[in-house]
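I'd like to ask you about the structure that follows.
Bear in mind that the values in this text are calculations on the coordinates, not laboratory data. Since the model is a prediction, treat every value here as computed from it, not as a measurement. Cβ placement follows ideal geometry from the backbone for every residue including glycine, while neighbour counts extend to all protein chains displayed.
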Amino acid sequence: MNAIGLLIIILFILMVFVGGVQGMKAFVGLVLNFIVIFILMILINWQFNAYIVTALMSVIILALAIYLGAENQFVTNTAFKTSLIVVSILMVVAILVQHLGQFQGFATENSEELEGLSLNVGLPFTKVAVIVMVISILGAVAEAAMAIVADLNEVIERTPNLSKKSLYAHAHIIGGQILGTAINTLFFGVLGANLPLLIWFIRLRYSIAMFFNAKLLMMEVVTMLLGMLGILMSIWVASRLVVHGYVKIQSKNMRKGE
């Protein structure tokens with residue numbers, strides 16, 4: 001057994017130990033999402049429309065991540081709606097940013113690992129770059145949406161007679177707490193993954209201009225910024241959807257009472 005297999009087994013055991021049945025469902029969702037991404041790569045390789053395939057697979061990935069991650073129907077439905085809205089907007093933004101920034105393809109730093117390999121792969125790297133951006137932000141968007149909706153739902157269950165203004169105030173406080181940790185998690189994840197590249201650039205005495213024009217680094221930075229934007233939008237959209245749903249339920253109850 002190799003190290004990766006051992007880590008996967010440890011992850012499974014700990015998820016079941018901590019989360020029980022829900023932890024097992026989350027692990028199954030993780031495995032299924034890996035299969036979905038593999039299918040996405042196969043379909044792109046078969047020359048299917050990259051944007052349509054990415055949109056469909058993103059919906060499946062979000063559904064698996066959200067509906068296998070919680071049991072409360074209101075929480076999962078609201079988080080799923082939020083994620084779909086945010087990812088749809090960010091996909092358009094990613095296409096626009098890619099068109100303006102031209103982050104696709106390989107950089108000069110890839111020359112050694114590409115030596116002897118053919119670059120005639122028959123795939124548009126502009127679309128591949130957009131796929132990478134969209135898939136990279138799915139986890140951050142789903143996590144932020146689930147967190148804010150679940151916390152607000154708990155507030156509603158504990159204090160069912162909240163006013164609309166009070167619920168917005170709770171959403172503001174909870175959203176601020178989620179925002180700080182989620183963005184820091186995303187930032188340090190990207191920083192840790194690209195630390196060897198940064199050290200390499202520093203050792204090669206890259207100027208500030210070369211840093212900001214390094215295709216490899218800027219691709220990661222743009223993806224990180226899209227993820228941060230996705231977290232912000234998820235908190236904002238989810239808060240509005242929860243408050244709207246709460247007000248709607250309250251109005252129905254008042255009509256029944258009359």
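Compute the FRET efficiency between ALA169 and ALA55 as 1/(1 + (r/R0)^6), taking r as their Cβ-Cβ distance and R0 = 35 Å, and round to the nearest 0.05. If you can, show how the numbers build up before the last one.
Numbers: r = 36 Å, r/R0 = 1.02.
Result of the calculation: an efficiency of 0.45.
Taking the Cα centre as origin and putting +1 on Lys and Arg beta-carbons and -1 on Asp and Glu beta-carbons, what dipole magnitude results for the chain, to the nearest 20 debye? Before the final figure, lay out each step's value.
Working: 14 positive and 11 negative charges, 189 e Å.
Roughly 900 debye, rounded to the nearest 20.
Using the count of nearby Cβ atoms within 10 Å as a rough guide to exposure, how do PHE17, PHE125 rank from fewest to most? Don't skip to the end; give the middle numbers.
Working: PHE17 9, PHE125 15.
Ascending Cβ contact count within 10 Å gives the list PHE17, PHE125.
If you don't mind, another one. For the chain, what does the helix formula give at 222 nm: sum of -39500 (n - 2.57) over DSSP H segments with n ≥ 4, over the residue count, nearest 500 deg cm²/dmol? Provide the component values of the computation, followed by the final result.
On the way: 10 runs with 214 residues, N = 258.
Roughly -29000 deg cm²/dmol at 222 nm, from the helical runs in the chain.
Picking from LEU167, ASN184, LEU123, whose Cα lies most toward the positive end of the charge dipole for the chain (charges on Cβ: Lys, Arg +1; Asp, Glu -1)?
Most positive-ward Cα: LEU167.
Select from ALA70, LEU43, PRO196 the residue farthest towards the positive end of the dipole of the chain; place +1 on Cβ of Lys and Arg, -1 on Cβ of Asp and Glu, and compute about the Cα centre.
Checking the options against the dipole of the chain, the answer is ALA70.
Grab the beta carbon distance between GLN73 and LEU204, set R0 = 45 Å, and tell me the FRET efficiency rounded to 0.05.
Efficiency at R0 = 45 Å is approximately 0.25.
What order do you get for LEU14, LEU138 when you list them from fewest to most C-beta neighbours inside 10 Å?
Working: LEU14 12, LEU138 23.
Listed from fewest to most nearby Cβ atoms, that is LEU14, LEU138.
Here is a follow-up. How far is the Cα center of region 131-148 from the Cα center of region 201-246, in Å?
Region 131-148 and region 201-246 have Cα centres separated by 12 Å.
Let me ask something else about it. Can you put VAL242, VAL28 in order, fewest other beta carbons within 10 Å first? Spell out each step's value before the answer.
On the way: VAL242 27, VAL28 14.
Ordered from fewest to most neighbouring Cβ atoms within 10 Å, VAL242, VAL28 come out as VAL28, VAL242.
To continue, here is another question. Which entries in LYS81/LYS165; LYS81/LYS164; LYS81/LYS215; LYS25/LYS252 show an alpha-carbon gap greater than 31 Å? Please list the in-between numbers first.
Details: LYS81/LYS165 23 Å; LYS81/LYS164 21 Å; LYS81/LYS215 34 Å; LYS25/LYS252 34 Å.
In this structure, LYS81/LYS215; LYS25/LYS252 exceed 31 Å between Cα atoms.
I need the semi-axes of the equivalent ellipsoid of region 1-64: take the C-alpha gyration tensor, multiply each eigenvalue by 5, square-root it, list largest first in whole angstrom.
Details: eigenvalues 166, 47, 6 Å².
Semi-axes from the Cα gyration tensor: 29, 15, 5 Å.
I would also like to ask the following. On full extension of the chain, what length is gained from THR181 through TRP46, given 0.36 nm per residue of separation minus the C-alpha to C-alpha distance?
Numbers: separation 135, 0.36 × 135 = 48.60 nm, distance 3.94 nm.
Length difference between fully extended and current span is 44.7 nm.
Considering the chain as a Gaussian network with a 10 Å cut-off on Cα pairs, which listed residue, VAL53, VAL18, VAL247, attains the greatest mean-square fluctuation?
Of VAL53, VAL18, VAL247, the Gaussian network model singles out VAL18 as fluctuating most.
Based on the Cβ-Cβ distance from ILE89 to ALA3, what FRET efficiency comes out when R0 is 41 Å, to the nearest 0.05?
Numbers: r = 39 Å, r/R0 = 0.95.
So, using R0 = 41 Å, E works out to roughly 0.55.
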